Amino acid sequence: MTLALVAAAAAGACLWPGTTAHAQAWPAKPVTIVVPFAAGGTTDVLARALGEKLSTALGQPVIVENRGGAGATIGADYVAKSPADGYTLLMGAVHHTIATSVYKKLSYDFQKSFAPITTVALVPNVLTVSATTPAKDVKELVALIKAAPGKFSYGSNGAGTAQHLIGTQFSTAIGSPLLHVPYKGSGPLTTDLLGGQVSMSFDTVTPVLPHIKGGKLRALAVTTAKRSSALPDVPTLQESGFAGFDLGTWFGILAPANTPADVVAKLNAEMVKVIQSPDFKKRMQDIGAETIGNTPAQMAEQIASDTARFAKLVADNKITTD
């Protein structure tokens, strides 16, 4: 065989998807993590914290790009249609498993259009009001709502998000309507909550924690079955008399479907190392997040389970994008 043929054969082997040579060549350029919300929210904070560490591990810059709107479906749609080469990733969340049942005309299938890589963290959601609101607990808040039907509102990160679902469940549970005000992310939502443009939110702990500690916002209850380590004195909604509330928000990384298996494996291995490192765990603990770092198969199972679970809740609570 001539030297030219040997070189051509070697080049062909490097280009063959799924081979060890492919994994060794990747990454050869910057990797982008798409955050499907505006800057400033939990999804954004987690993506930037992970990206910073991952950049060192991969030897390439990791860029965070915000593409918010439509309950996180715009960013997801963008990644689903991106090349399946491992260079464009999605910081997905539990919201996407809810949106599957809320949005009837999605151009992607969250279970089929993506290759799960790993779940980064779970963050509890918390019922929060402005510190100027008279209510000191959930019971007092419900009394205020019932005394002024139609006056109170709650903000969310968009239709079909966990905040939307929790808010609808809470409204149904108390038997009084609450106006749903969707935002493109936690940043603008928190600004309006502080300014009194919305009465309350059911957002994740991370974006509201500094304002709770600073006395500008008041946490009344967390929506998970157990209390948040970041807010140990705040009761759960179940403890406050509302049975059946157990919903937090998980966040995880996904690639477009058909991304080479070796690239997915390398991304998983490097991300799990970061997620399980003591400094990353400490950073997450400080913002109220519980680190996970599971396998692609475990994440896929989680997505399938949540999609089925939330389909029922969406139907029961008649949640729509209207």
Q: Tell me which residues, restricted to region 74-102, are more than 22 Å from residue 293 (Cα to Cα), out of contact with any Lys or Arg (no Cβ under 6 Å at 6 or more places or on another chain) and open to solvent by less than 10 Å² (accessible area, probe 1.4 Å).
A: 99, 102
Q.
For the structure I just gave you, tell me whether residue 318 is of a type in the set (Lys, Arg), assigned to a loop (DSSP other than H, G, I, E, B) and open to solvent by 30 Å² or more (accessible area, probe 1.4 Å).
A. yes
Q. Looking at region 279-315, which of the residues that are among the acidic types (Asp, Glu) and in a helix (DSSP H, G or I) is nearest to residue 42 (Cα to Cα)?
A. 286
**Q.** Hey, residue 284 touching a residue at least 60 places away in the same chain (Cβ under 8 Å) and under 20 Å from residue 55 (Cα atoms) or not
**A.** yes
(Q) Considering only residues that are in a loop (DSSP other than H, G, I, E, B) and either farther than 20 Å from residue 37 by Cβ or open to solvent by 40 Å² or more (accessible area, probe 1.4 Å) (or both), which ones fall in region 147-181? (A) 148, 149, 150, 151, 152, 175, 176, 177, 178
Q. What are the residues in region 45-64 that are open to solvent by 10 Å² or more (accessible area, probe 1.4 Å), in contact (Cβ under 8 Å) with a residue 60 or more places away in the chain and not β-branched (Val, Ile, Thr), if any?
A. 53, 57, 58
Q | Top-ranked residue in region 115-129 [being more than 29 Å from residue 197 (Cα to Cα) and open to solvent by 10 Å² or more (accessible area, probe 1.4 Å); ranked as nearest to the chain's Cα centre (by Cα)] | A | 116
Q. If residue 184 satisfies every condition in (1) outside any helix (DSSP H, G or I); (2) farther than 25 Å from residue 91 by Cα; (3) out of contact with any strand residue (DSSP E or B) (no Cβ under 7 Å at 6 or more places or on another chain) but one, which is the exception?
A. (2)
**Q.** Residue identified as more than 30 Å from residue 166 (Cα to Cα) and either out of contact with any Lys or Arg (no Cβ under 9 Å at 6 or more places or on another chain) or modelled with pLDDT of 95 or more (or both) among 225, 269, 219
**A.** 269
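The values are calculated or read from the model by the stated rules, or taken from the named source; none is laboratory data. On a predicted model such as this, the values are computed, not experimentally measured, just so you know. Note that each Cβ is placed from the backbone with ideal geometry, even for glycine, and that neighbours are counted across all protein chains shown. These area figures cover heavy atoms from the full protein model, side chains too; ligands, DNA and RNA do not enter into them. Shrake-Rupley method; radii C 1.70, N 1.55, O 1.52, S 1.80 Å.
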